[in-house]
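Visitor: Below: one structure in structure tokens.
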Amino acid sequence: MAATEASGPVTQDILIGQLRGLELFLWFVRAHLESSGGRLSTADATTDQAVAEQARRQPWAEGARCAGRALAARRPEG
């Protein structure tokens, strides 16, 4: 039995919705970090900090931050 099954279907539905949003955002970010050949522009980074620094230097980074804020604003209050 999964841990959320004990909590009920509403909890499961909330978690599934959050997961979908995270997967969509991951797809968005990865699509912008990949070259047309499929290589990640942050592939040579060895730490999370280095990945973040390299990603910040991407020309689309400000647009992604705006999109992230827009997604956060759409979250239901609870």
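Visitor: When the residues of region 1-15 are filtered to those that are assigned to a helix (DSSP H, G or I), among the β-branched types (Val, Ile, Thr) and surrounded by 12 or more Cβ atoms within 10 Å (Cβ to Cβ), which remaining residue is modelled with the highest pLDDT? Before the answer, list the steps.
Guide: Keep residues of region 1-15 that are assigned to a helix (DSSP H, G or I), which gives 9-15.
Adding the requirement that they be among the β-branched types (Val, Ile, Thr) leaves 10-11, 14.
Of the ones still in play, those that are also surrounded by 12 or more Cβ atoms within 10 Å (Cβ to Cβ) are 11, 14.
Values: THR11: 88, ILE14: 91.
Filtering first and then ranking leaves ILE14.
Visitor: Another one. What are the residues in region 31-53 that are surrounded by 11 or more Cβ atoms within 10 Å (Cβ to Cβ) and assigned to a helix (DSSP H, G or I), if any?
Guide: Of everything in region 31-53, those that are surrounded by 11 or more Cβ atoms within 10 Å (Cβ to Cβ) and assigned to a helix (DSSP H, G or I) turn out to be HIS32, LEU33, ALA50, VAL51, ALA52, GLU53.
Visitor: While we're here: With the requirement that a residue be of a type in the set (Phe, Trp, Tyr) and either without any contact (Cβ under 8 Å) to a residue 40 or more places away in the chain or touching a Pro at 6+ places or on another chain (Cβ under 7 Å) (or both), what does region 12-30 give you? Working first, answer last.
Guide: Taking region 12-30 as the starting set, the residues that turn out to be of a type in the set (Phe, Trp, Tyr) are 25, 27-28.
Within region 12-30, TRP27, PHE28 meet the criteria.
The values are calculated or read from the model by the stated rules, or taken from the named source; none is laboratory data. Values in this document were obtained by computation on a predicted structure and should not be read as measured data. Virtual Cβ from ideal backbone geometry, glycine too; neighbours counted across all protein chains shown.
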